Amino acid sequence: MATLIAPDHPSAVEDAEALRKACKGWGTDEKAIISVLGHRNAAQRKQIRLAYEELYQEDLIKRLESELSGDFEKAVYRWVLDPADRDAVLANVAIKKISPDHHVIIEISCTRSPEELLALRRAYQARYKHSLEEDVAAHTKGDIRKLLVALVSAFRYDGEEINTRRANSEANILHDAIKDEAFNHEEVIRILSTRSKMQLMATFNCYRDDQGTTITKKLLGESGDEFLVALRTAVRCLNDPKKYFEKVLRNSIKGIGTDEDALTRVIVTRAEKDLKEIKDLYHKRNSMPLEQAVAKDTSGDYEAFLLTLLGKED
Amino acid sequence: MADLEALTKAFSGIGVDENSLISILANSNHEHKKSLRKGCSKFFIEDDNGFERLHQSTVKNLKLEFKRFRDAVVLSLLHPWERDARLIEKALKQGPRHYSVIVEIACTRSSDELLGARKAYHSLFDHSIEEDLASRIKGSERKLLVALVSAYRYEGPKVDEDVAKSEAEILSSAIKSADKRKPIEDEDAIMILSTRSKPHLQAVYEHYSKICGKTITEDLEAEGILKDTVECLCTPATYFTRVLEAALSVDADEESKRALTRVIVTQKEFMVKEGNVLNKIQGILTGSYKDFVLGLVAGGKN
C-alpha cells in the first residue's frame, strides 16, 4: 500500500501558482514545495508540470533544480519525474558510475512489473539515445554483464500459471549449478531472467522444500564474488521485493553515515506502491518506526520531505 | 511439347494453373494422356503392373499447392503481432533448420513490432518467447537467439563512429578465432549484434569491410544463423532477395517455398521495390496462389 497522502482533486493550476510563489524572489520556500509536491501522486504531478509550463513558459523541473540543492534537490528531482523516466535516470546514474551499481540495475529490473520495465526502456531511449541494454553491455563485462543484460531485456509472462514439474526440475538445476565448483552460470541466468515471477517463486519454494534451506542462504558464500552477490540480489528482489527494500533501507541508515542515494531511491520509488508494508517490516525488524530512524539520520528539508512521503500528517 | 511443359509446371507445386490443366485434359484422348504421363517421368513412374503411376510426392505437392494458397490467406489476415508470434513458435517447434525464421523476425521488424510479437506470444502461449527459446534450444545458437528476441533497439540515427570501428575489430577477431571458439558463442559478438541500433550496426558493417577487405557476410559464409543475423540487421534487402531466389529456383524444397509466402506477406514494401523478383514470380507462379500474391504486392504499393 502507498504511504503517500494526496487529495482527490487538487487544482493543478493552483499548485503551479503555489510552486511559482515558493520559488520567486530571493529565497525559496521549501516548506511550501514539500507541502504541495509531497502530497501529489504521479498523475497529479504531471498535471502540475504541464500547468506550470503553460502558465510560465518554463520547465518546473529545471526551476526546481536551480532553486534547490543537496540531497533535498536530488530527492525532489527524482520525485517529480514520471516513474518510467525516474527509473531511466536511476539506471543511467547506476551504469555511468566508475564502478557501476549492479545492485541498483538488478533492483530496478527485478522489482518492476514487465510493463513498467518496458516503459523504462522506452523512457531510457528517449532520454539517452541508446537502448538500456546496450549501455549496460558497454559498461560491464563477464558473467555480470550477461546477467544484467538478460535481466533488463526481460519481458516476463505476467500470468499466474505455474508448472510444478518445471519448478521442481529448475530448482534442481539451480541447486546443481550453485553447488558445482564449475558453476553453470548460463542455466542460472536463463532461469532467473526468463521465467515469470510466479514460476520463479514456485521454483524458490521447491528449492527450500528440497534443500531445507533457502536459495539466498545458499548463495551467501563469498562476498568477494561479484557474480554471486549479483545473483543473490536478483533472487531476493524476485522472491520477496518488500523484504529486500526493507534491508536496503536498514543498511542505508544504520551505522556511521547515511547512504542518501539508497534512502531516497527506495522511499521515492515505493511511496506510491508498497512503502506501507515495507515500513511495517522495518518496524518489526528494528523495533523502531522507520520515520524515527529517518529523523535521527537526516535533517532539514531533506528529512521533512522524506517524512512527508512516508505519510507524516502535516 | 507445350502440353508436357504445361503439365510439368502444373505438377511442380508452385501454383496450379487450373485453366490450362483443364484444357489439356479435356482435349486429350487416352493415347495422348499416356504419352504425357510417359513423358513426365519426373512425376510418373512405370509401375510393375504396366501403368504410369503418379509419384507419391506429386500427390503431396498438389495438396501443398492449395495449402500454400490457404497459408498465404491466413498469414495475411492475422494481426502482424500474432502472425510473428505464431511464426516464431512454429519455427521453434520445427527445430534448428528453421531457426533462421526466428532470426528473420527478430532482426527485420521494428523495435515496437518485435515488442508486439512478444506481447502476442504471452497471450497465445502463456509463456514469454525468451523463456521458450532459452529452455528448448540446446545448441550453440541459444544465446544469440534469446538475445535477439529480447532486444528493444534504439531507432535513432545517431552513431558513434569510433565505437563502431572498435566493434568491427571485435567482430573481426571473433571470426578469426573460429577455430578456438565458435563465433556464434562469442559473448562480445552477441552483445554487439543484439543490443546495438541498426544504424550503428550498418556503420560497423562498413568499418569491417574497410578493415578486413571483405564484408562480414562474406567472412561468415559458413556460419548459417550468424550470417543470417548480420544480413537481416545490416543488409535486409540482400537477405530477402536470397530467400526469394531460393524459393523460386527449380530445385526449391518445401521449406524454401514456404518462405516465399512468408516473405511476400510480411515484406510488402520490399516486394514492391523488387521488380526483378516480381517478374520471376509472374513467370513461375500460376493459379489462385499467383493471383493472391500479386494482389498482395499491388496492395503494398498503397
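Taking into account only those residues within the range B:13-39 that are at pLDDT 80 or above and within 25 Å of B:D251 (Cβ to Cβ), which is surrounded by the most Cβ atoms within 10 Å (Cβ to Cβ)?
B:L36
Could you check the range B:128-221 for helices (runs of 4 or more DSSP H) lying wholly inside it with 2 or more residues that are modelled with pLDDT of 95 or more and of a type in the set (D, E)?
It comes to B:129-136, B:161-176.
Among the residues that make up the range B:57-64, is at least one of them out of contact with any Leu (no Cβ under 9 Å at 6 or more places or on another chain), of a type in the set (S, T, Y) and within 14 Å of chain A (Cβ to nearest Cβ)?
No, there is no match, as no residue in the range B:57-64 is out of contact with any Leu (no Cβ under 9 Å at 6 or more places or on another chain), of a type in the set (S, T, Y) and within 14 Å of chain A (Cβ to nearest Cβ).
Regarding the range A:183-197, can at least one residue be identified that is at pLDDT below 95, open to solvent by 20 Å² or more (accessible area, probe 1.4 Å) and more than 14 Å from every other protein chain (Cβ to nearest Cβ)?
Looking through the range A:183-197, at least one residue is at pLDDT below 95, open to solvent by 20 Å² or more (accessible area, probe 1.4 Å) and more than 14 Å from every other protein chain (Cβ to nearest Cβ).
Can you find even one residue in the range B:169-179 that is open to solvent by 40 Å² or more (accessible area, probe 1.4 Å) and within 14 Å of chain A (Cβ to nearest Cβ)?
Scanning the range B:169-179 turns up at least one residue that is open to solvent by 40 Å² or more (accessible area, probe 1.4 Å) and within 14 Å of chain A (Cβ to nearest Cβ).
Would you confirm whether or not the range B:179-202 contains a residue that is among the hydroxyl-bearing types (S, T, Y) and more than 13 Å from B:C107 (Cα to Cα)?
no
Return the residue satisfying two criteria in turn: it lies in the range A:256-272 and is open to solvent by 10 Å² or more (accessible area, probe 1.4 Å) and outside any helix (DSSP H, G or I), and of such residues it is nearest to A:T111 (Cα to Cα).
Looking at residues that are open to solvent by 10 Å² or more (accessible area, probe 1.4 Å) and outside any helix (DSSP H, G or I), I get A:E272.
Which residue pairs have Cβ atoms closer than 7 Å, lie 6 or more positions apart in sequence or on different chains, and pair a first residue in the range B:218-244 that is open to solvent by less than 10 Å² (accessible area, probe 1.4 Å) with a second residue that is acidic (D, E) and outside any loop (DSSP other than H, G, I, E, B)?
So the pair list comes out as B:C232/B:E104; B:Y239/B:D228; B:Y239/B:E231.
Failed condition for A:T28, given (1) in a helix (DSSP H, G or I); (2) in contact (Cβ under 8 Å) with a residue 40 or more places away in the chain; (3) over 26 Å from the mean Cα position of the chain (by Cα), with all others met?
It is condition (1) that A:T28 fails.
Checking A:A32 against (1) aliphatic (A, V, I, L, M); (2) within 16 Å of A:A304 (Cβ to Cβ); (3) surrounded by 15 or more Cβ atoms within 10 Å (Cβ to Cβ), which single condition isn't satisfied?
(3)
Hey, among A:R122, A:R49, A:R40, which residue is at pLDDT 95 or above, open to solvent by 10 Å² or more (accessible area, probe 1.4 Å) and in a loop (DSSP other than H, G, I, E, B)?
Checking each option against the conditions leaves just A:R40.
Does the range A:273-280 contain any residue that is under 20 Å from A:I108 (Cα atoms) and assigned to a loop (DSSP other than H, G, I, E, B)?
Scanning the range A:273-280 turns up at least one residue that is under 20 Å from A:I108 (Cα atoms) and assigned to a loop (DSSP other than H, G, I, E, B).
Taking the options A:K129, A:K141, name whichever one is within 9 Å of chain B (Cβ to nearest Cβ), at positive phi and open to solvent by 30 Å² or more (accessible area, probe 1.4 Å).
A:K129
Just checking, does the range A:156-170 include any residue being over 21 Å from A:R40 (Cα atoms) and among the aliphatic types (A, V, I, L, M)?
yes
Could you tell me whether A:E134 is charged (D, E, K, R), outside any helix (DSSP H, G or I) and either open to solvent by less than 10 Å² (accessible area, probe 1.4 Å) or more than 8 Å from every other protein chain (Cβ to nearest Cβ) (or both)?
Answer is no for this residue.
In the range A:99-119, which residues are under 17 Å from A:F245 (Cβ atoms) and either outside any helix (DSSP H, G or I) or β-branched (V, I, T) (or both)?
A:D101, A:V104, A:I105, A:I106, A:I108, A:T111, A:R112, A:S113
Among all residue pairs at least 6 apart or on different chains, which show Cβ distances below 7 Å where the first residue, located in the range A:226-245, is open to solvent by 10 Å² or more (accessible area, probe 1.4 Å) and the second is modelled with pLDDT of 95 or more and not in a helix (DSSP H, G or I)?
Listed pairs, sorted by first residue: A:K242/A:D274.
The values are calculated or read from the model by the stated rules, or taken from the named source; none is laboratory data. Not measured: the values here are computed from a predicted model. Quick reminder, even Gly has a Cβ in these numbers, built from the backbone with ideal geometry, and neighbours come from all protein chains shown. Side chains are part of the model used for accessible areas, which takes the heavy atoms of the whole protein and leaves out ligands, DNA and RNA. Shrake-Rupley method; radii C 1.70, N 1.55, O 1.52, S 1.80 Å.
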